[in-house]
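Heads up: the structure comes next, in structure tokens.
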Amino acid sequence: MKRVGVFVCHCGTNISAAVDCEKVAENAKSFPGVAYSTDYKYMCAEPGQELIKKAIKEQKLDRIVVASCSPRMHEPTFRRCIESGGLNAYLLEMANIREHCSWVHPDDKERATIKATDLVKMAVAKVMQNEALVRSTIPITKRALVIGGGIAGIQAALDIANAGHIVDVVEKEPSIGGRMAQVDKTFPTLDCSACILTPKMVDVANHPNVNLITYSEIEKVEGYVGNFDVTIRKKARSVDLKACTGCGTCIQKCPTKVPSEFEMEMMDRKAIFTPFPQAIPNKPVIDRESCRYFKSGKCGVCQKVCPTNAVDFTQEDELVTERYGAIVAATGFDLFDDSVYGEYGYGKYKDVITGLHFERLLNASGPTMGKIKRPSDGKIPQNVVFIKCVGSRDEAKGKAYCSKTCCMYTAKHATLVREKIKDSNAYVFYMDVRTPGKGYDEFYTRTTDQYGAKYIRGRVSKIYEKGDKLIVWGEDTLLGRPVEIEADMVVLATAMVAKADAAKLAQMVGFSYDQNNFYTEAHPKLAPVETHTAGVFLAGACQGPKDIPESVAQASAAAVKVCGLLSKEEMPTEPIISAVNEAICSGCGMCVPVCPYTAIDLKVIQERVHGKTVSRKIANVNSGLCQGCGACTVACRSAALNLKHFTNEQILAEVDALCL
Amino acid sequence: MKYAYYPGCSLSSTGVEYDISTKKVAESLGIELWEIPEWNCCGASSAHLTDHLLALALPARNLAIAEEKGLDVAIPCAACYARCKATEVEVKDSKEMQKTISEVIERQYTGKAQARALLDVFVNDLGLQSISTLVNKPLKDLKVVSYYGCLLVRPPRLGFDDAEDPQSMDKLIEALGGTPVDWAFKTECCGAAHATTKSEVGFPMIEKILTAAKEAGADCIATACPLCMSNLDMRQTQVGAKYGKNYSLPVFYFTELMGIALGLNPEELGISKHFVDALGIVKKLNEAAGRRDTA
Amino acid sequence: MSEMTKKMQEIAREILVKGEAEVVIGWEKGTFWYLSPPAFIDKPEDVQRLVWDDFCHNNLSKYLVDLKNHEGKAAVFVKGCDSRAFNRLLQDKQIAREKVVLIGIPCPGLLDQDKAKELGKNSDLPKAQKCLDCQYPNPLVYDYYLGDKEALNEVAATKEAADYSDVAAIEAMSPDERYDFWTKQYDRCIRCYACRNVCPACSCRECVFDQTRVGWIGKANNSSENQFFALTRAMHVAGRCIECGECERACPMDIPIMLLNKKLVKDINELFGEYDAGIDIEGKLPLGHFDKNDPEEFM
Amino acid sequence: MSVKEMPQNWEPKILVFACNWCTYAGADLAGLSRLQYPPNIRILRVPCSGRVNPQFVIRAFQRGVDGVLVAGCHPGDCHYVSGNYFTRRRYLLMQRLLQYVGVDPERFQARWISGSEGPKFQQVVTQITEEIRAMGPNRKLRDAQ
């Protein structure tokens, strides 16, 4: 016989002013299963809790209903209370008679009391079906995976490694460094990007706890927090990393030139190449798509000239599987394709370029050795027009969001034009100038006041070539006049967009992404580096446009989360999860696609049917992944799936109780 | 292929050669045009400056007649097209508006009959491939800048082509054997009625377009709008005089160029009605073709 | 004997003799001339029992579920709707493709059994309700095909598009009229669950209506419980019903069950885009996925 | 009190399925903000609106509830990522089906109410209560007992 205890709280006068608490407690005595019912002024206070504990013992209560405030407020309190009174914490239900009753019905005590009675009745009906639930634990593998070797990935890896954990960094490109390696100078200090990045690249490469896996991609992710089994595809580099000394002879002798991706195709690289001089590892890779040997079987010069016999044409992609306790996604961003703007002529006019092109033009090891020159004819431009928000803040053709970094890097570019080119003009067409950040607005002010960049508030309607000039038509909306500028070069502040394959990775790992394919944080304010998938964290621009300091900060934050996880031997799991009734499950798999955590898969079981052993598939809930939303329970027609603590039986009982 | 045909007012007055050439070309291409009986004015800019409902109801009546016949509507005039398209979209978007309009016009228009630009019909329904096989007098060596004007491909979400850098007319010219010349003024405004009411605003706009066409090295301009035609053709001498320039730049409706390439008689296409001599260039084209034939 | 019956018997014999399958599921003549119940043939000499006529209504694919634990292969004849049922069960992972030999039959539409019973043998019989707007008269999946192989879609769809005028007629009623209509229908229900048992979308190991311990539904046969049954079943087959009409045919109380199922098919098409169940087995089920741009009515 | 016991002073009884993270929190906020509404609703807490099986809804009508509201996080805000998108699909259909069998549209409703929308919670439940009060007790789908 179940014995329910009901405890009605007055909450001072918060409840009792609008609800007749004594009457509610009195009414509750007649509900099926209720063995004891009482009321008290402050149930959550020490004496109130003692009252409950005492009643559990004296009245031999085996389940408890507390009618008081919202369970979102005090459920943990009362769970602890009945636990120390000797009951399982999950044998508690709360009736919310404060937020949902006394506070919202202050002027109708009779009906508020009826409602409070109903709420208690529902809670009693539910608690009658509650079952003791046990928190279990899962082991934690003490190894972290960082996906992406840009500045965010590097920082996260360093922080995790410095805390004493082993961390693998998987980078798709032949070298770590990411976008920051392409950038020339950084705002607002104008220090050289490479000068601050390369020491970190070296640090991470030399760190005893860090294992760099470059030119590699994630192939498969299975498992869950503490135990992710990740398969990594190490692409065939065609160069034996152990044997190669990085002397560069092969690169020198390679006869095949192809446009360099790193240099935004404004300069050539070889078919065997390192993306940039400070690459790490500073050992080349063969781009098999362009290599003569791979295309025609002839050549092989690199192999011939290699002093250590490191070039290996027979290398094949290699798949390795490793288990990780936590994952940091730091996969970065791509650039928006500006060619959708027919009016700007990007792709048609050689001297209409993106900001990243301009970074390479500024860079001393770039295609122009750091001189700002026009890609078309190598002339030094006098009039440079910058257009902001190209692809950003444009719902019609681009993205609705602000790319956040463009205001600052355009100010930087304008400053550098004015600084590097005598008598030059820098025109900036803008919608708004957004410079929140330490020292940012001061930098922008210097750009306009000290460096004399001309900021024009308005959009550009058309760019066309006239002779060797680019005629830029726009509007100065502050003056309300059309503007025409004879420019030598136009730089588009291009939107940051999610990586083309961002969604693929998210689906593989099983976390979510937004409509722009940026990864979704678990909470926009309070969990900005977590994902909805336990054990997976975010760093850098894969989550949304970010500048370098923000990426670094988020990376360190993600690292702390990883360290917090890896510092434990095991972690407790919430017991409110779905469970499969194997006898009923027909294995139709309807539950699988509705689970947001990929927590359900189908497993094969053996059973005896008419004397024969047969196997059949049934749903299998991974308790490490399930978060207890219950979506699967509704997808399951035969109710083979049920959510603990919110079972079908419990909810039906509540519904029935309401109308008794 | 059958379409309802909505010529609009301009095509029975200043743009009569657009009407003539459209009908002739459609016939040669085997496209049946069913002229909407007793069609009314689309309302042009006057209606939508006056009253939103009026601006939608006027085109809706024509579209409703086509809908009863189960036909989409082919519309040569860019302005008529824009008004009709706007109506179609608004009716599709709002059931309420659909109801109101139906009450006003006393007919049902649900948006099922689509407003289609004639250029769109030719290029995307019939297809360039089919057109080029029917060309028997290719516009060989004729350098043409395609002038779409401001209405034909806008607003972006309604258009059948890129609103800033459209390509369909250029591709059509290519299919006709001509040489499309890329330029930056494809969708620049011709000034519309400003040439009449405020010539100090309108004329510089015309001037820019003509100069750009000239600088691009074009032999002629192709257009799809009777008002653009008026401005670029009828006003050409006047604008030239004002800026001390002699453009001598023939302007064609794209349908006329199609007619020429399909081997139709230029006179019958209405080309003799132009202000800037356009027959001359057609004659030269034919002579060159003759020389090639004999050579 | 019709040409098709002959072909059926031939292929059945061949399959059994060659041992391609241990049992062939087809139709045979029943007690009355207007009944052609299922036949399970496991000996070559029995194949002459097989018949193809205007009354081969039974959706044979459902019987494959009973053979789930059978070791050998089964061969089964499938009309268009039966092949959708097969796909349904395949998608629900209730049968293994490799354990079934499918013999496709193009179906020109079958005749109404009830009318046949009523009007007699030599009368002009109408088509069965479910066949009136059939969109898939040709089998979608098969290993053997008994029709003309050249003409892939040899039987034209009965109507150009599915006909929802019957659903629309109910939608046009007032709420109270609708309630009275359905109450009258389901007051007749005897909860025999024949509709469920014959349904290829009902393949649960244990149906919720049998879970008396959970208490989803009471044993009482009253209007309220009957409607709980009707609505729950309709939701359970929503997006999964292949419109074979077997539920309605099997119903001894002549409840127009398909009127509920078709309503859901219609709404799914309107709300989430055209979807026909049992066509694409790889595709996502309407209630098994979502689109962020689904219609929003709950703001 | 059920309908039968107090036919004279009949008050509608409305069941609200509220997801723990948004609507339940929104109702808490309404309380914290002392936003008054009629005392006719009873909230049943579920982790996610995606947990609400349509069978629960029918059961509520069977047992004599006069109206049912299913409420959860706004699309895109689901604590469990996507639960409410399934809720939306399911109840777009369910709502139509209920109406098809004669249930008046006011009797079953679904709404998105976030944790910050205390006023919206107040407004929605007030409106539903008034709508249903005007319609009188629900007889449809009800158990005769």
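Working only within segment A:457-506, note down all residues that are among the acidic types (D, E) and touching a residue at least 60 places away in the same chain (Cβ under 8 Å).
Scanning segment A:457-506 gives A:E465, A:D468, A:E486, A:D488.
Suppose we keep only residues that are touching an Asp or Glu at 6+ places or on another chain (Cβ under 8 Å) and of a type in the set (V, I, T) within segment A:91-138. Which one would you say is nearest to the other protein chains (Cβ to nearest Cβ)?
Step by step, filter segment A:91-138, then rank; the result is A:T113.
Being of a type outside the set (F, W, Y), surrounded by fewer than 24 Cβ atoms within 10 Å (Cβ to Cβ) and more than 14 Å from chain D (Cβ to nearest Cβ): is that true of A:I584 here?
Judged against the criteria, A:I584 is a match.
Search segment D:21-37 for residues being in contact with a Gly (Cβ under 6 Å, 6 or more places away or on another chain) and at the interface with chain A (Cβ under 7 Å from one of its Cβ atoms), and hand back the single one that is surrounded by the fewest Cβ atoms within 10 Å (Cβ to Cβ).
The selected residue is D:L35.
Exactly one condition in (1) over 24 Å from A:K109 (Cα atoms); (2) over 46 Å from the mean Cα position of the chain (by Cα) is not met by A:V24; state its number.
(1)
Please state which of the following conditions A:V19 fails to meet, knowing it meets all the rest: (1) assigned to a loop (DSSP other than H, G, I, E, B); (2) over 48 Å from the mean Cα position of the chain (by Cα).
The one condition A:V19 does not meet is (2).
A:V6 passes all but one of (1) of a type in the set (A, V, I, L, M, F, W, C); (2) over 42 Å from the mean Cα position of the chain (by Cα); (3) outside any strand (DSSP E or B); which number fails?
(3)
Of all the residues that make up segment A:82-124, how many are in a helix (DSSP H, G or I) and either under 41 Å from the mean Cα position of the chain (by Cα) or among the basic types (K, R) (or both)?
In the first step, residues of segment A:82-124 are kept if they are in a helix (DSSP H, G or I); the result is A:82-84, A:98-102, A:109-124.
Applying the additional criterion that residues be either under 41 Å from the mean Cα position of the chain (by Cα) or among the basic types (K, R) (or both) yields A:82-84, A:98-101, A:109, A:111, A:115, A:119, A:121-123.
So the count comes out to 14.
Would you check if there is a residue in segment A:544-552 being within 14 Å of chain D (Cβ to nearest Cβ) and either farther than 26 Å from C:G283 by Cα or without any contact (Cβ under 8 Å) to a residue 60 or more places away in the chain (or both)?
No, every residue in segment A:544-552 fails to be within 14 Å of chain D (Cβ to nearest Cβ) and either farther than 26 Å from C:G283 by Cα or without any contact (Cβ under 8 Å) to a residue 60 or more places away in the chain (or both).
From the list C:Y186, C:Y179, which one is within 12 Å of chain D (Cβ to nearest Cβ), buried (at least 18 other Cβ atoms within 10 Å of the Cβ) and without any contact (Cβ under 8 Å) to a residue 12 or more places away in the chain?
Values: C:Y186 fails: without any contact (Cβ under 8 Å) to a residue 12 or more places away in the chain.
When all the criteria are applied, what remains is C:Y179.
Could you say whether any residue in segment A:498-506 is more than 12 Å from the chain's Cα centre (by Cα), in a loop (DSSP other than H, G, I, E, B) and buried (at least 17 other Cβ atoms within 10 Å of the Cβ)?
First, the residues of segment A:498-506 that are more than 12 Å from the chain's Cα centre (by Cα): A:499-501, A:504.
Restricting the remaining residues to those that are in a loop (DSSP other than H, G, I, E, B) gives A:499-501.
In the following step, the residues that additionally are buried (at least 17 other Cβ atoms within 10 Å of the Cβ) were identified as A:499.
Within segment A:498-506, one or more residues are more than 12 Å from the chain's Cα centre (by Cα), in a loop (DSSP other than H, G, I, E, B) and buried (at least 17 other Cβ atoms within 10 Å of the Cβ).
Restricting to segment A:406-432, name every residue that is surrounded by 18 or more Cβ atoms within 10 Å (Cβ to Cβ), within 31 Å of the chain's Cα centre (by Cα) and not hydroxyl-bearing (S, T, Y).
Hits for segment A:406-432 are A:C406, A:C407, A:M408, A:A411, A:K412, A:H413.
Restricting to segment B:1-56, name every residue that is free of Cβ contacts under 8 Å to residues at least 40 places away in the same chain and not in a helix (DSSP H, G or I).
Within segment B:1-56, B:S13, B:G30, B:E32, B:W34, B:E35, B:I36, B:P37, B:E38, B:W39, B:N40, B:C41, B:D51 meet the criteria.
Would a scan of segment D:49-68 turn up a residue that is surrounded by 22 or more Cβ atoms within 10 Å (Cβ to Cβ), within 12 Å of chain C (Cβ to nearest Cβ), under 30 Å from A:N516 (Cβ atoms) and among the polar types (S, T, N, Q)?
Yes, that holds for at least one residue.
Can you pull out the residues in segment B:49-70 that are crowded, with 20+ Cβ neighbours inside 10 Å and of a type outside the set (D, E, K, R)?
Within segment B:49-70, B:A55, B:L56, B:A57, B:L58, B:P59, B:A60, B:N62, B:L63, B:A64, B:I65, B:A66 meet the criteria.
Would you confirm whether or not segment C:86-96 contains a residue that is on the phi < 0 side of the Ramachandran plot, in contact with a Phe, Trp or Tyr (Cβ under 6 Å, 6 or more places away or on another chain) and outside any strand (DSSP E or B)?
At the first step, the residues of segment C:86-96 found to be on the phi < 0 side of the Ramachandran plot are C:86-92, C:94-96.
Narrowing the set further to residues that are in contact with a Phe, Trp or Tyr (Cβ under 6 Å, 6 or more places away or on another chain) leaves none.
No: zero hits.
Out of curiosity, is B:E207 modelled with pLDDT of 95 or more, away from chain A (no Cβ under 11 Å), outside any loop (DSSP other than H, G, I, E, B) and in contact with a strand residue (DSSP E or B) (Cβ under 8 Å, 6 or more places away or on another chain)?
Criteria not met by B:E207.
The rows are residues; the columns are (1) touching a strand residue (DSSP E or B) at 6+ places or on another chain (Cβ under 6 Å); (2) within 7 Å of another protein chain (Cβ to nearest Cβ); (3) in contact (Cβ under 8 Å) with a residue 40 or more places away in the chain; (4) farther than 23 Å from C:L287 by Cα.
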{"site": "A:V609", "(1), (2), (3), (4)": "no, yes, no, yes"}
{"site": "A:N620", "(1), (2), (3), (4)": "yes, no, yes, no"}
{"site": "A:G624", "(1), (2), (3), (4)": "yes, no, yes, yes"}
{"site": "A:G630", "(1), (2), (3), (4)": "yes, yes, yes, no"}
{"site": "A:C636", "(1), (2), (3), (4)": "no, no, yes, no"}
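Would you confirm whether any residue within segment C:131-148 is within 14 Å of chain D (Cβ to nearest Cβ), modelled with pLDDT under 95 and in contact with a helix residue (DSSP H, G or I) (Cβ under 9 Å, 6 or more places away or on another chain)?
No, that holds for no residue.
Restricting attention to segment A:258-272, which residues are at negative phi, buried (at least 19 other Cβ atoms within 10 Å of the Cβ) and in contact (Cβ under 8 Å) with a residue 24 or more places away in the chain?
Answer for segment A:258-272, where residues must be at negative phi, buried (at least 19 other Cβ atoms within 10 Å of the Cβ) and in contact (Cβ under 8 Å) with a residue 24 or more places away in the chain: A:F262, A:E263, A:I272.
So D:Q127 ticks every box in (1) within 11 Å of chain C (Cβ to nearest Cβ); (2) without any contact (Cβ under 8 Å) to a residue 60 or more places away in the chain; (3) part of a helix (DSSP H, G or I) but one. Which box is left unticked?
Of the numbered conditions (1) within 11 Å of chain C (Cβ to nearest Cβ); (2) without any contact (Cβ under 8 Å) to a residue 60 or more places away in the chain; (3) part of a helix (DSSP H, G or I), the odd one out for D:Q127 is (1).
Residue check: is C:V198 away from chain D (no Cβ under 14 Å) and under 23 Å from C:V65 (Cα atoms)?
Against the criterion (away from chain D (no Cβ under 14 Å) and under 23 Å from C:V65 (Cα atoms)), C:V198 qualifies.
It is to be established whether one or more residues within segment A:55-72 are in a helix (DSSP H, G or I), within 13 Å of chain D (Cβ to nearest Cβ), in contact (Cβ under 8 Å) with a residue 24 or more places away in the chain and surrounded by fewer than 24 Cβ atoms within 10 Å (Cβ to Cβ).
Yes, that holds for at least one residue.
Restricting the search to segment A:27-50, which residues are over 29 Å from D:L29 (Cα atoms) and either assigned to a helix (DSSP H, G or I) or within 44 Å of the chain's Cα centre (by Cα) (or both)?
The one that is over 29 Å from D:L29 (Cα atoms) and either assigned to a helix (DSSP H, G or I) or within 44 Å of the chain's Cα centre (by Cα) (or both): A:E50.
Tell me, which residue of segment B:168-194 that is closer than 19 Å to B:A79 by Cα and at the interface with chain A (Cβ under 10 Å from one of its Cβ atoms) is surrounded by the most Cβ atoms within 10 Å (Cβ to Cβ)? Please lay out each step first, then the result.
In the first step, residues of segment B:168-194 are kept if they are closer than 19 Å to B:A79 by Cα; the result is B:168-169, B:185-194.
Now narrow it down to the ones that are at the interface with chain A (Cβ under 10 Å from one of its Cβ atoms): B:185-188.
Values: B:F185: 21, B:K186: 26, B:T187: 23, B:E188: 20.
Among those that are closer than 19 Å to B:A79 by Cα and at the interface with chain A (Cβ under 10 Å from one of its Cβ atoms), it is B:K186.
Need a quick list: helices (runs of 4 or more DSSP H) entirely within segment C:220-299 having at least 2 residues that are facing chain D (nearest Cβ under 9 Å) and more than 30 Å from D:T23 (Cα to Cα).
Correct list: C:223-237, C:258-272.
I'd like the residue in segment C:12-40 that is farther than 23 Å from C:L110 by Cα and touching a residue at least 12 places away in the same chain (Cβ under 8 Å) and, out of all such residues, is surrounded by the fewest Cβ atoms within 10 Å (Cβ to Cβ). Explain how you work it out, then say what you get.
Within segment C:12-40, the subset farther than 23 Å from C:L110 by Cα is C:13-23.
Going one step further and asking which of them are touching a residue at least 12 places away in the same chain (Cβ under 8 Å), we end up with C:13, C:15-17, C:20-23.
On the way: C:R13: 19, C:I15: 24, C:L16: 21, C:V17: 10, C:E20: 16, C:A21: 22, C:E22: 15, C:V23: 19.
Only one residue fits best here, namely C:V17.
The values are calculated or read from the model by the stated rules, or taken from the named source; none is laboratory data. None of these values were measured; they are calculated from a predicted model. For neighbour counting, all protein chains shown are included, and Cβ atoms are generated from backbone atoms with ideal geometry for every residue, glycine included.
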